[in-house]
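Following: one structure in structure tokens, then a few remarks.
The values are calculated or read from the model by the stated rules, or taken from the named source; none is laboratory data. What you are looking at is a predicted structure, and each value in this text was computed from that prediction instead of being measured. With ideal geometry, Cβ positions are generated from the backbone for all residues, glycine too; neighbour counts draw on all protein chains shown.
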Amino acid sequence: MTDQPASAAAAPAPSQHQPAIDLHAHMMPRGLWSAADEGRAWRGATYERDAEGRGWLVVGGVRSGPDPARLRSTPEDRIRDMDAAGTDVQVVSMTPLLIDDSLDTDVAVRAAREVNDEIADWTRAFPTRLRGLATLPLTDVAAAIAELERAVGVLGLAGAEVDTRVGDRAWDDPAFEPLFAAAEQLGAILFFHPSYSLVWGRITRYHLGNTIGNPAEDLLAAAALIFGGVLDRHPDLKVVIAHGGGPLPFGIGRMDRGWQVRRIARTGLLHPPSRDLRGLYVDCITWSEPALRFLVDTMGADRVVLGSDWPYDMGLEEPARWIRGMTSLTDDEKRLILGVNAARLLASGGSR
Amino acid sequence: MRSIDIHAHYSPAVVYDALEAGRDWHGMRMERDARGREVMIRGEQRKTRKPRAAWNVVQRIQDMDAMGVDVHVLSVQTWLYGYHLPAEVCIATSREINDDIAHTVRTYPDRFAGFATLPMQDVPAAIVELRRAVGVLGLKGAMIADHVNGHPYDEPQFLPFFRAAEEAGALLFFHQLGGSSIVKERNPRYHLSNTIGNPLDRTMTFASLVFGGVMDACPDLKVCLAHGGGYVCYGIGRMDRGWEARSEARTSLPQPPSRYLRRFYYDSLTHSEPALRFLIDTVGADRVVLGTDWPADMQIDWPVSWILGMASLTDGEKEAILWRNLERLLDLPTP
């Protein structure tokens, strides 16, 4: 597929018939469930039940939850849920809560292969309903590249989900250049999604670590890719940022000002950061129609994809119906967001 | 058209006269670096003095005239907050700074109003100084940072302070300690510590006050958030969802956080007309006030004509933002 501007997108079918492709949907690997049932740890992660029977995940000393019961769905259960929600295709990625940068490389590689094989099994069983994103052992870039090549080339996954940082390193770290080059060459999607936000370090109350922290993480990942020059060096890299990119469209004016007045903001970027907004995609999870409208106005309707965050409580229950019901979006914009943009990203070898 | 700027920083003569004369000021001194720039030093703090921060009040007024700004509501350069210092030192520095600001306001009453700085690490002392600043010195309230040495404002120790501010009718203007944001440790490159960190810190201040129940406990508290309130208006939908889905988000908050948006004022420092329009659409034009961040490099360069030139704002909205809201909020005399 070619990269057409929004107004020239083909097929004038109304948005009601546009298949809905949800690019932001999570899974928990069966290895974790088996281990939890036997009271064992899985790759350093444990699963605990509280007095009320609710499940909590403990990874690297961080306890998160309670988990939604649906997290343990079979692919068949998942597809029934998708049918009820009006979602045609889910692009499945491991729950980012399981990302653990403290694992030894060999353990991380084994874990990634196990998860990616499982996701690939699902996509082969339900090829018209499920696609997949790999998880990668990112603390070893060479190992991550090898697994990405296997996941895309052998398993047929569409790319990988990655954290908004790797340990203490941001995505502008030169160590990640070979990974971006490999992903670009493979036509692989890189879906940036936080595992744990910096806000938890300031305040642990009121769920602000998620509600303010996750969008902040998404923004920091986008800013590292933009200011670090990653998007400029890799013009065909398919980048998708979770949660609407956080406050990226709203905050870009201040970032432009910083670029204008501070030399340190220009070390990796020869143009204002706002010009790179069209070099990435974001999902629609803004929790506000006015915010989504602002996002579309700032980035273009051809840059926004459907996302649900299934099956978490901070996710959209019926993402496609939410988009279809909006009065502030045109029918063309709805089609792009519902599935046209995601289909372009998922097309193998397609460029952004 | 009249214009009143709520976000304009001030270099007190009481501090800089001492430093320029080579004297120590409460443990602070000034040196010249290899390039001849003046560097203020206090313990671990080092701050290079920018040229316009060295201007005197007459030069400042000339610049205000050039920009078409009638009134600056003065707040001290934030590196002078001093929350990390022993309380008795910060009490002394705050008193001297506030006396200086009040003197400048009295000298040019039609050009300036003022905010106090407070020793927030000692809540009873902060209350005493706030009452003095408002009741005796005639200042309009205080500028305070987004947290006090890492303690957010939902902590119960701060509630007496907010009650005192409410009782005094003081406006609290929230503004980070420059260069200290939550993003600094995470990514110190590209000025993101400022361009993302400042709005993010402000968003957490809003959330601490709202989710922590401070706004309910103090129904008449007057609060203004600098930098357009950070990401508050854009991110409020997700905060509402968190309130809806999570019991821990409702421990101190009987209504969704979006219900509190109009309890706050927001300055116009968004660096984007669409973002400012979005802010107005979300919180109302009666809640947005002119704020420029003079004399920082992250300021709005020509703030009055920036607002006047906006095609997406009505004349009434421009008037409200440029002066009407602040004249009412601060009870400033109409010229």
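Report yes if some residue within the stretch B:47-63 is surrounded by 21 or more Cβ atoms within 10 Å (Cβ to Cβ) and among the β-branched types (Val, Ile, Thr); otherwise report no. Steps first, please.
Initially, the stretch B:47-63 is screened for residues surrounded by 21 or more Cβ atoms within 10 Å (Cβ to Cβ), giving B:60.
Those left that are additionally among the β-branched types (Val, Ile, Thr): none.
No.
Only residues that are part of a loop (DSSP other than H, G, I, E, B) and more than 18 Å from B:LEU221 (Cβ to Cβ): list them for the stretch B:119-142, please. First the steps, then the outcome.
Initially, the stretch B:119-142 is screened for residues part of a loop (DSSP other than H, G, I, E, B), giving B:119-122, B:137-140.
Once the filter is applied, which keeps residues that are part of a loop (DSSP other than H, G, I, E, B) and more than 18 Å from B:LEU221 (Cβ to Cβ), the stretch B:119-142 yields B:PRO119, B:GLN121, B:ASP122, B:LEU137, B:GLY138.
Could you list all residues from the stretch A:185-199 that are touching a residue at least 40 places away in the same chain (Cβ under 8 Å) and under 21 Å from B:ASN198 (Cβ atoms)? Write out each step before concluding.
First, pick out the residues of the stretch A:185-199 that are touching a residue at least 40 places away in the same chain (Cβ under 8 Å): A:187-196.
Of everything in the stretch A:185-199, just one residue is touching a residue at least 40 places away in the same chain (Cβ under 8 Å) and under 21 Å from B:ASN198 (Cβ atoms), namely A:PRO194.
Go through the stretch B:167-209 and report how many residues are among the β-branched types (Val, Ile, Thr) and more than 10 Å from chain A (Cβ to nearest Cβ). I'd like the intermediate steps shown before the answer.
Keep residues of the stretch B:167-209 that are among the β-branched types (Val, Ile, Thr), which gives B:182-183, B:195-196, B:203, B:205.
Then drop every residue that is not more than 10 Å from chain A (Cβ to nearest Cβ), which leaves B:205.
Of the residues in the stretch B:167-209, 1 are among the β-branched types (Val, Ile, Thr) and more than 10 Å from chain A (Cβ to nearest Cβ).
Matching residues to (1) on the phi > 0 side of the Ramachandran plot; (2) of a type outside the set (Ser, Thr, Tyr); (3) surrounded by fewer than 21 Cβ atoms within 10 Å (Cβ to Cβ); (4) not in a loop (DSSP other than H, G, I, E, B):
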| residue | (1), (2), (3), (4) |
| --- | --- |
| A:HIS24 | no, yes, no, yes |
| A:LEU32 | no, yes, no, yes |
| A:ALA36 | no, yes, yes, yes |
| A:ARG80 | no, yes, yes, yes |
| A:VAL92 | no, yes, no, yes |
| A:ASP100 | no, yes, yes, no |
| A:VAL107 | no, yes, yes, yes |
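Out of contact with any Asp or Glu (no Cβ under 9 Å at 6 or more places or on another chain) and more than 29 Å from A:ILE252 (Cα to Cα): which single residue out of B:MET239, B:MET215 fits that description?
Working: B:MET239 fails: more than 29 Å from A:ILE252 (Cα to Cα).
After applying the criteria, what remains is B:MET215.
Quick check on my filter: what residues within the stretch A:324-352 are part of a loop (DSSP other than H, G, I, E, B) and either at pLDDT 95 or above or surrounded by fewer than 21 Cβ atoms within 10 Å (Cβ to Cβ) (or both)?
A:GLY325, A:MET326, A:THR327, A:SER328, A:LEU329, A:THR330, A:ALA347, A:SER348, A:GLY349, A:GLY350, A:SER351
Have a look at B:GLY114, B:GLY138 and point out the one that is more than 14 Å from chain A (Cβ to nearest Cβ), buried (at least 20 other Cβ atoms within 10 Å of the Cβ) and either touching a residue at least 24 places away in the same chain (Cβ under 8 Å) or closer than 19 Å to B:GLY212 by Cβ (or both). Give the derivation first.
Values: B:GLY138 fails: buried (at least 20 other Cβ atoms within 10 Å of the Cβ).
Every option except B:GLY114 fails the conditions.
Taking helices (runs of 4 or more DSSP H) that do not extend beyond the stretch B:210-294, which have at least 3 residues that are within 13 Å of chain A (Cβ to nearest Cβ) and crowded, with 21+ Cβ neighbours inside 10 Å?
Values: elements: B:214-217, B:232-245, B:273-283.
It comes to B:232-245, B:273-283.
From A:GLY307, A:GLY279, A:GLY300, which residue is touching a residue at least 60 places away in the same chain (Cβ under 8 Å) and in contact with a Cys (Cβ under 6 Å, 6 or more places away or on another chain)?
On the way: A:GLY279 fails: in contact with a Cys (Cβ under 6 Å, 6 or more places away or on another chain); A:GLY300 fails: in contact with a Cys (Cβ under 6 Å, 6 or more places away or on another chain).
The unique qualifying residue is A:GLY307.
How many residues does the stretch A:51-65 contain that are part of a loop (DSSP other than H, G, I, E, B) and under 21 Å from the mean Cα position of the chain (by Cα)?
Let us first name the residues in the stretch A:51-65 that are part of a loop (DSSP other than H, G, I, E, B), namely A:51-54, A:60-61, A:65.
Going one step further and asking which of them are under 21 Å from the mean Cα position of the chain (by Cα), we end up with A:65.
Number of matching residues: 1.
Assess whether B:SER75 counts as being within 17 Å of the chain's Cα centre (by Cα), part of a helix (DSSP H, G or I), closer than 26 Å to B:LYS47 by Cα and of a type in the set (S, T, N, Q).
Details: within 17 Å of the chain's Cα centre (by Cα): yes; part of a helix (DSSP H, G or I): no; closer than 26 Å to B:LYS47 by Cα: yes; of a type in the set (S, T, N, Q): yes.
No.
So is A:LEU306 buried (at least 24 other Cβ atoms within 10 Å of the Cβ) and out of contact with any Ser or Thr (no Cβ under 6 Å at 6 or more places or on another chain) or not?
yes
If you check B:ALA102 against the conditions, is it touching a residue at least 24 places away in the same chain (Cβ under 8 Å) and either closer than 20 Å to B:VAL223 by Cβ or within 10 Å of chain A (Cβ to nearest Cβ) (or both)?
Details: touching a residue at least 24 places away in the same chain (Cβ under 8 Å): yes; either closer than 20 Å to B:VAL223 by Cβ or within 10 Å of chain A (Cβ to nearest Cβ) (or both): no.
Here the answer is no, as B:ALA102 does not meet what is asked.
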